[in-house]
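The next block holds one structure in the form of structure tokens; read it before the comments.
What follows draws every value from the coordinates through simple rules; no lab data is involved. Just so you know, these numbers come straight off a predicted model, no measurement behind them. Every residue, glycine among them, receives a Cβ derived from its backbone with ideal geometry; neighbour counts consider all protein chains shown.
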Amino acid sequence: MQGAQIISIGSAVPDLCINNKEISQIVETSDEWIVNRTGIKERRMLTGTNKSVVDLAYSAAMKALDKIHMDPLELDLIVLATSSPNDLFGSASQVQAKIGAARAVAFDLTAACSGFVLAIVTATQFIQNGSYKNILIIGADVLSKWIDWSDRKTCILFGDGAGAAIIQACYEEDNAILGFQLNTDGKKYNELSITYKENSYSLNTLKLFQGQFQYISMNGKEVYKFAVSKVPASITKCLNALHLSIEDVNWLLLHQANKRILQAVANRLSIDNYKIISNLSKYGNTSAASIPLALDEAWQNNQITKEDIIVVSGFGAGLTWGTVVIKWKC
Ligand code: COA
């Protein structure tokens with residue numbers, strides 16, 4: 001078994017910023033309501049002809065590569081965690097071509113807001129079993145394309161963005177992806193979904209069933225309850241398995257869904273509020289991008305430093321949730 005470490009990280013957001021006041025011109029809401037219930041003040045939105053998740057993923061990936069002067073040809077694998085690809089067959093191959101990582105195999109990973117945690121764990125398996133040495137993982141989403149802009153319960157929450165990390169093989173004793181704990185409860189898939197709706201029609205003698213994906217639909221109260229009950233349990237299990245205590249944790253980095261969820265999870269775990277990494281007031285819920293986006297900012301601001309223990313948890317549609325505990329090595 002080899003070890004695995006995150007050796008670089010980068011992120012990208014679109015230029016267009018939409019604040020709560022502007023949202024209140026689209027649906028009946030207010031800055032006060034959104035800030036009180038969610039902590040979100042503004043979010044970014046991808047606009048422009050033919051702009052897609054690939055553009056954001058590309059920018060984030062190039063920043064991560066440039067920071068360590070890595071040639072894209074050194075990459076063995078690219079995992080793109082996204083639920084908003086620009087091609088149902090996957091977008092990772094377009095990112096591979098755009099960054100010039102001709103040696104790397106590339107695939108998409110669909111796990112909504114848990115996507116980046118799943119991508120860290122997936123990449124770590126390939127490294128720890130000796131298959132690959134350099135892996136680029138990206139969490140990127142453009143959920144603005146799937147929002148019902150007349151639904152004030154969802155359109156206030158989401159934003160677009162991308163974050164990328166490079167995970168590299170290292171000596172076993174330097175392993176910095178310390179452990180993980182993952183879960184899915186598929187019975188609750190319809191609490192948060194972008195469903196596929198089809199119609200039937202006849203073509204000569206053939207009866208065809210074809211349709212389209214709908215907008216994001218969400219049972220906000222149930223998702224809230226799910227997050228604040230399941231995420232602390234996942235973190236506790238993961239820390240216990242690693243023989244780590246809450247006192248060992250330097251930072252809590254949760255999927256940036258809602259400020260109240262972040263605080264409730266920290267409270268349940270008796271983690272001090274100053275240990276919560278959060279930038280959701282500026283970006284809203286960017287789905288698979290939220291964790292690497294916040295991690296990159298925390299690194300750039302010198303908030304996190306080498307050897308810090310960071311508990312990272314994702315949760316969302318699926319319903320899927322999970323934790324990975326990392327030691328910061330950049
Ligand atoms: N602006 C103003 N009022 C709003 C509103 C908005 N954007 N959205 C809903 N309301 C109203 C409702 O219509 C309701 O009014 P009523 O009492 O007259 O019926 C009232 O506010 C309360 O609505 P409710 O849905 O019960 O609010 P809430 O306290 O549950 O907050 C969320 C809604 C979405 C902020 C909250 O449920 C939440 O954060 N859930 C988790 C969502 C999430 O993080 N999802 C992604 C996970 S990956």
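Check the range 281-290 and report whether any residue there is surrounded by fewer than 17 Cβ atoms within 10 Å (Cβ to Cβ), more than 19 Å from Ile235 (Cα to Cα) and within 16 Å of the ligand (Cβ to nearest atom). Taking every residue of the range 281-290 in turn, at least one turns out to be surrounded by fewer than 17 Cβ atoms within 10 Å (Cβ to Cβ), more than 19 Å from Ile235 (Cα to Cα) and within 16 Å of the ligand (Cβ to nearest atom). The set of residues from the range 187-216 being more than 16 Å from the ligand (Cβ to nearest atom) and either of a type in the set (Gly, Ala, Ser) or within 18 Å of the chain's Cα centre (by Cα) (or both) comprises Ser200, Ser202, Gly211. Within the range 70-89, residues that are without any contact (Cβ under 8 Å) to a residue 24 or more places away in the chain sit with their Cβ atoms under 9 Å from residues that are part of a helix (DSSP H, G or I) and among the β-branched types (Val, Ile, Thr), at 6+ positions apart or across chains, in these pairs: Asp87/Val54.
For the range 297-317, how many residues are buried (at least 24 other Cβ atoms within 10 Å of the Cβ) and under 30 Å from Leu16 (Cα atoms)? Of the residues in the range 297-317, 5 are buried (at least 24 other Cβ atoms within 10 Å of the Cβ) and under 30 Å from Leu16 (Cα atoms). Listed by position, the strands (runs of 3 or more DSSP E) enclosed by the range 88-180 that each have at least 2 residues that are surrounded by 19 or more Cβ atoms within 10 Å (Cβ to Cβ) and within 16 Å of the ligand (Cβ to nearest atom) are 134-142, 160-170.
Criterion applied to Ser234, Ser229 was being away from the ligand (no atom under 12 Å from the Cβ), within 19 Å of Thr323 (Cβ to Cβ), touching a residue at least 40 places away in the same chain (Cβ under 8 Å) and surrounded by 10 or more Cβ atoms within 10 Å (Cβ to Cβ), and the one residue passing it is Ser234. Can you say whether Trp321 is surrounded by fewer than 24 Cβ atoms within 10 Å (Cβ to Cβ), closer than 25 Å to Thr122 by Cα and in contact with a helix residue (DSSP H, G or I) (Cβ under 8 Å, 6 or more places away or on another chain), as far as the supplied structure shows? Criteria not met by Trp321.
Cβ separations smaller than 6 Å between residues 6+ apart or across chains give the following pairs from the range 177-192 residues that are in contact (Cβ under 8 Å) with a residue 60 or more places away in the chain to residues that are small (Gly, Ala, Ser) and surrounded by fewer than 20 Cβ atoms within 10 Å (Cβ to Cβ): Gly179/Ala241. A single member of Ile23, Ile34, Ile40, Ile78 is under 19 Å from the mean Cα position of the chain (by Cα) and within 16 Å of the ligand (Cβ to nearest atom), and it is Ile40.
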